[in-house]
1. Based only on the alpha carbon positions, what is the Kirkwood hydrodynamic radius of the range A:63-116, in angstrom?
2. Plugging the Kirkwood radius over Cα pairs into Stokes-Einstein for the range A:8-48, at a temperature of 20 °C and a viscosity of 1.002 mPa s, what D comes out in µm²/s?
3. Counting helices only, and only those DSSP H runs with n ≥ 4, report the 222 nm mean residue ellipticity of the protein assembly as shown as the sum of -39,500 (n - 2.57) divided by its residues, in deg cm²/dmol to the nearest 500.
4. Summing Lys, Arg as +1 and Asp, Glu as -1, what charge do residues with Cβ under 15 Å from the Cβ of A:Pro53 carry, A:Pro53 excluded?
5. How charged is the neighbourhood of B:Tyr304? Take every other residue with its Cβ under 10 Å from the Cβ of B:Tyr304, and add Lys/Arg as +1 and Asp/Glu as -1.
6. May I ask for the equivalent-ellipsoid semi-axes of the range B:37-88, computed as the square root of five times each C-alpha gyration tensor eigenvalue and listed largest first in whole Å?
7. Scaled to the compact-protein estimate 2.2 N^0.38 Å, what is the alpha-carbon radius of gyration of the range B:185-283, rounded to two decimal places?
8. Please find the FRET efficiency linking B:Arg50 to B:Tyr286, where r is the Cβ-Cβ separation and R0 is fixed at 30 Å, and quote it to the nearest 0.05.
Amino acid sequence: MPGTYLPSNYLPVFIFLVVAIAFGLGALLIGAIFRIRRPYKEKLMPYESGIDPVGEPRVRFSIRFYIIAMLFVVFDVEAIFLYPWAVVFDKIGLYAFVEMVIFIFILLVGYLYAWKKEAFTWE
Amino acid sequence: MTIFEFLFPPGSFDIFLNIIIILIKIAVVIGVVMLHVAYATYFERKVIGRMQVRMGPMEVGPHGLLQPIADMLKLFFKEDIIPEKADKTVFYIAPLISLMAALSSLAVIPFYEGFVVANINVGLLFILAMSSLGSYGIILSGWASNSKYAFLGGLRSSAQVISYEIAMGLSLVGVMMMAGSMNLSEIVKAQAEYPAGIYAIPQILGFFVFVVAAIAETNRAPFDLPEAESELVAGYFVEYSGMRFALFYAAEYIGMIIMGCLAAACFLGGWTVPKYILAILPFLKYVPGIVWFVMKVYFVIFFYYWIRATLPRYRYDQLMAIGWKLLIPLALANILFTGVIKIMVE
């Protein structure tokens, strides 16, 4: 019956997400009733070890963070490709194994290139 | 057709009942886990206290047992300071994202046979996805605080979390190959069938990578650079106070419990006991599965504390080198070994 259809496996996940957000919000909102609020200028300053903040807080940062982010995308996609392969590994046997070794090998070349270019080295 | 029939077609009562049952399950899971989170802080302070030849909390209640409750009440009534220059909306949402991502991973954890809130096929993938989402909470809070310490902490932390995410994802591939599933309940059942009883033995390499990556993922010592007290004060949540701070803190400890649960379910046999141990000590089969599961989780959590009390913090370059140059090659080697051995056995 279409009326009674329930994606029963994923519905709890959705409800859990909603309950988790409600839990956090609830804790904050109930707390808001009880807690005091006495702001003044010094209290609202950004923390900088007790002295007045100097300069812009959003300082320039190392370009390496961007490289790490790009490498993350490459390797995370690799990991995602490996998952379905790993799950059905028993059924597909040697052929798929060899294919996956080739896939990992190609990525390994890129990995070694990144290593050689010192993308993983911080100083 | 009456309005009542339109709003509640036949069968809708079942759906309604179903949702009520799910809600009760979720309430039980969240309630129990939050209690464990509160007492994980107490446990941590006691364990580290003892390791440093101190007593740990002793004042509030017998042996300081009421300390977590006192802490909770204190944080609940504390002023909620929002810095003037902060990006208010993002500042408000960031701790909620962290908490939501940490809590909802609990949906797919099998606590004992048949008890799991959402028995989905891609349980492991869901947990990894949620731990990636958690890094949004970190980077957004670091950005929104508009403070140098928070900004640096947020940057460091997100780079660390995504680096170790890869190693962690790859270390679990071996487990998936052996179990032939991503459903955590199926993985536990497959382990019970396996001669060694736990995957930590054949997957020792994967287990090692997983444990190290799990410590780094949850920003714990010796990889606690994002919140390194002695240099960054508290890292990305330095500007947070009161209940919002408590949400971040809770998210971190829930994250630790999740990693403990994952280690227990994927590598240590979940709620089961290896058959050969049951053969020697048959009375152990009367111990309920949840007891085994909780014991395994607490073993992993104790291990976290032990490491925190033992090892000094790594430098940032060392941290990145361990993640990229050691753990990822090890995890890939583990996948290849597992594949070769499985092919040879067949």
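1. On the way: mean 1/r = 0.0806 Å⁻¹.
Its Kirkwood hydrodynamic radius stands at 12.4 Å.
2. Details: Rh = 13.3 Å.
Answer, rounded: 162 µm²/s.
3. Working: 18 runs with 307 residues, N = 469.
Counting only the DSSP helices, I get -22000 deg cm²/dmol.
4. Numbers: positive: A:Lys41, A:Lys43, A:Arg58, B:Lys85, B:Lys148; negative: A:Glu42, A:Glu48, A:Asp52, A:Glu56, B:Glu84, B:Glu239.
Surrounding charge for A:Pro53 is -1.
5. On the way: positive: B:Arg220, B:Arg308; negative: B:Glu44.
Net of charged neighbours comes to +1.
6. Calculated on Cα positions only, the semi-axes equal 29, 14, 9 Å.
7. On the way: Rg = 18.1 Å, N = 99, 2.2 N^0.38 = 12.6 Å.
Working it through for the range B:185-283, the quotient is 1.43.
8. On the way: r = 32 Å, r/R0 = 1.06.
Using R0 = 30 Å, I get an efficiency of 0.40.
No lab work stands behind these numbers, since they all come straight from the coordinates. Predicted, not measured: the structure shown is a model, and the values here were computed from it. In this analysis, Cβ positions are derived from the backbone assuming ideal geometry, glycine residues included, and neighbour counts consider all displayed protein chains.
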